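The values are calculated or read from the model by the stated rules, or taken from the named source; none is laboratory data. On a predicted model such as this, the values are computed, not experimentally measured, just so you know. Reconstructed Cβ throughout: ideal geometry from the backbone, glycine too, with neighbour counts over all protein chains shown. Heads up: the accessible areas ignore ligands, DNA and RNA and are worked out on the full protein's heavy atoms, side chains in. Shrake-Rupley method; radii C 1.70, N 1.55, O 1.52, S 1.80 Å.
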Amino acid sequence: MTATAPRFGSAPLVRLLLVTTVLLGTVFTVLSGTASAHAALTGSTPEDGAVVATAPKDISLTFSEQVAMGDNSIRVLDPSNKRADAGKIRDLSSGGTVTYGIDLHPGLPDGTYTVAWQAVSADSHPISGAFTFSIGAPSKTTATVPTEEAGGGLVGVLYDIARYISYAGFILLIGGAAFVLGCWPRGASVRPLQRLVVQGWLTLTAATLALLLLRSPYTGSGKLGDAFDLGGLQDVLATKTGAALVSRLLLLGAAALFVAVLFGAYAKRETPRDEEESKERKDLTFGLAVGGTVVAAGIAGTWALAEHASTGIQTGLAMPVDVLHLLAMATWLGGLTALLVALYRAPSIENAAVRRFSRIAFISVVVLAATGLYQSWRQVGSWSALWGTSYGQLLLVKVGLVAVLVGIAWFSRRWTERLGQRAEAGTEAGIGQGAGAENESKAEAEAATGSETGSETETAAATTVVDDSERATQLARQKAALASARQKRIRDADPGRIGLRRSVLAEAGVAVVLLAVTTVLTSTEPGRTAEQEAGATGGTAATAPATEGPVALTLPFDTGGENGEGTVRITLDPGRSGANEMHIYVDGPDGQPLDVPEVKAAFTLTAQQIGPLPITPEHFAPGHWSADAVQIPMPGDWQLQLTIRTSDIDQTTVDKNVKIG
């Protein structure tokens, strides 16, 4: 530190760091909330399959949890496949219900209309579906349901890339800064490490901005050009994910302050000159540690509040656990990258710094194991889901990669122990200074001195040709080049350093793959939800046997009135999630068709608190009722409730559990 270096009062600086991070670190707390594991359409107006006498003014859709929608998320198509809606989606949510509506063009003609919708649920998963309703009477339709899926296409690929880059930037920023502050304070003045942390900040900031711009087309039109639509951006800012991304940008502003202090005031106090400067450095270290932890936790919280941890069961516990998981991952993998940079780019690094990182990495792995175990139980839920769902299979791959990473880290730890033993024996002062380094340094120093002496002689003999200042500059450059070459040879010839950096390089390579798997895992539907939707976790005792084809049921009924007894036969084709065709046949005690005044049906998925989803079938023929495009939003054990009315006052409701694949 030079005599003219600016001095900063430690107390005001520490207070500034703490106050700033505490204020910005609390912004994510207002975003927390609970939701079900996966969004589903629970109702609509008009209902699926309904026949209305006059054209409605609008269409409304109700969902089981908050969803993100763009301008084209709801499309209403007339029988000739032309748009029948006004194009502007309105948020009609109130009283805990999540409802979106879209206006229709006035004066729509009679016929069958198709409503296609797509959205992104609170846990970032894309969902979509379609249903029909008729004005006046049903008709043939040539409407084609849009094939593009929310979250797919080029925009989906770019969005996933930005998510991966944001994780990488977070790891470099947090892990690199933690390595410098907790393991190697002298590294604050090492340029390669400074560049690593700054590049991490720039990467995370750029990726966050890209996610914010891509969010609108990702959840809506799927067109890349809509990323710069201000209206779409305004809609994104009103969502939980948009607020989380904005909060991340604010916290990155605070992180920039910490990076500036870490590589500025903190680096300049590397060797305190007196007791006062030593106290200032301790205060600054404390401020950076506490404030940096708050900012790092806040940035990690923006992921926890917008992805899997914020939905499903035990969200109040899952979100802080997810924050710990992300911080442990960043400390381990980011510190590993910083160590790799130091081993390859820095002239030397103290053995004590490597041993400190080894201990911190061990603690990080323990935290990762504990939090990962809880997350696995919460997201998977059963052994069958671990093997039988995409999420469980990816989780097994991640566990395998972590095991490989820990195995390689064991070799790195062995190299660290050997280097530590050599240092204690007095043969090595640090990684990068080999056994013959001292003799080589002396020889090169003598050579450098001889070169300097010869150069000075030549300078004295040719003073009329070469200016003294130019000669002094050339000598300084020669000295620097000799010193740099000497340090590089010493560094590259040290067997301890070579062994350690090879094992650390292998760790970093596995970590890159691990990060890719983690990114895919966070965008995959949790195994617990997937298994529940597939009906693989068991059902109620009255559940009908699962079928590969159409569902067929026969139920007796008795309304209690005259001619009130009979049986009802129901078929649901193809008997799986999505659009189905439903036929209801009502027979009297004699087995002949019984023409009743009214038949209604409803489906309820109790496990997911979805429904009842009402169905109003049409009277097709005596004793025969039918409904086209019956939408079953997801597989599972659904309860079918059938209401039969045989007179003005006599009716009954029968129910049966049906497993739909």
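In table form, for the structure just shown:
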quantity: Unique residue being open to solvent by 50 Å² or more (accessible area, probe 1.4 Å), basic (Lys, Arg), over 16 Å from Phe258 (Cβ atoms) and at pLDDT 85 or above when the list is Arg215, Arg195; calculated: Arg195
quantity: Odd one out for Val115, checked against (1) modelled with pLDDT of 85 or more; (2) surrounded by fewer than 20 Cβ atoms within 10 Å (Cβ to Cβ); (3) out of contact with any Gly (no Cβ under 7 Å at 6 or more places or on another chain); (4) on the phi < 0 side of the Ramachandran plot; calculated: (2)
quantity: Val354 vs. criteria crowded, with 22+ Cβ neighbours inside 10 Å and at pLDDT below 85; calculated: yes
quantity: Residue match in the range 269-277 (condition: modelled with pLDDT of 90 or more, surrounded by fewer than 17 Cβ atoms within 10 Å (Cβ to Cβ) and not small (Gly, Ala, Ser)); calculated: no
quantity: Wholly enclosed helices (runs of 4 or more DSSP H) of the range 172-287 bearing at least 3 residues over 26 Å from Trp332 (Cβ atoms); calculated: 191-219, 230-237, 240-262
quantity: Subset of the range 326-342 (residues that are open to solvent by 20 Å² or more (accessible area, probe 1.4 Å) and out of contact with any Pro (no Cβ under 8 Å at 6 or more places or on another chain)); calculated: Leu327, Thr331, Thr337, Leu340
quantity: Whichever residue in the range 60-102 is among the acidic types (Asp, Glu) and open to solvent by less than 60 Å² (accessible area, probe 1.4 Å) and, among such residues, is modelled with the lowest pLDDT; calculated: Glu65
quantity: Options Gly560, Gly661, Gly578, Gly611: the member that is in contact with a helix residue (DSSP H, G or I) (Cβ under 8 Å, 6 or more places away or on another chain), among the small types (Gly, Ala, Ser) and at pLDDT below 80; calculated: Gly661
quantity: In the range 614-630, residue modelled with the lowest pLDDT [restricted to those that are surrounded by fewer than 21 Cβ atoms within 10 Å (Cβ to Cβ) and in contact with an Asp or Glu (Cβ under 8 Å, 6 or more places away or on another chain)]; calculated: Ala629
quantity: Any hit, the range 362-385, residues being without any contact (Cβ under 8 Å) to a residue 12 or more places away in the chain and farther than 23 Å from Ile408 by Cβ; calculated: yes
quantity: Test: residue in the range 359-379 that is surrounded by fewer than 23 Cβ atoms within 10 Å (Cβ to Cβ), outside any helix (DSSP H, G or I) and touching a helix residue (DSSP H, G or I) at 6+ places or on another chain (Cβ under 9 Å); calculated: no
quantity: Restricting the range 633-653 to residues that are within 23 Å of Phe133 (Cβ to Cβ) and modelled with pLDDT under 80, the residue that is least open to solvent (accessible area, probe 1.4 Å); calculated: Met634
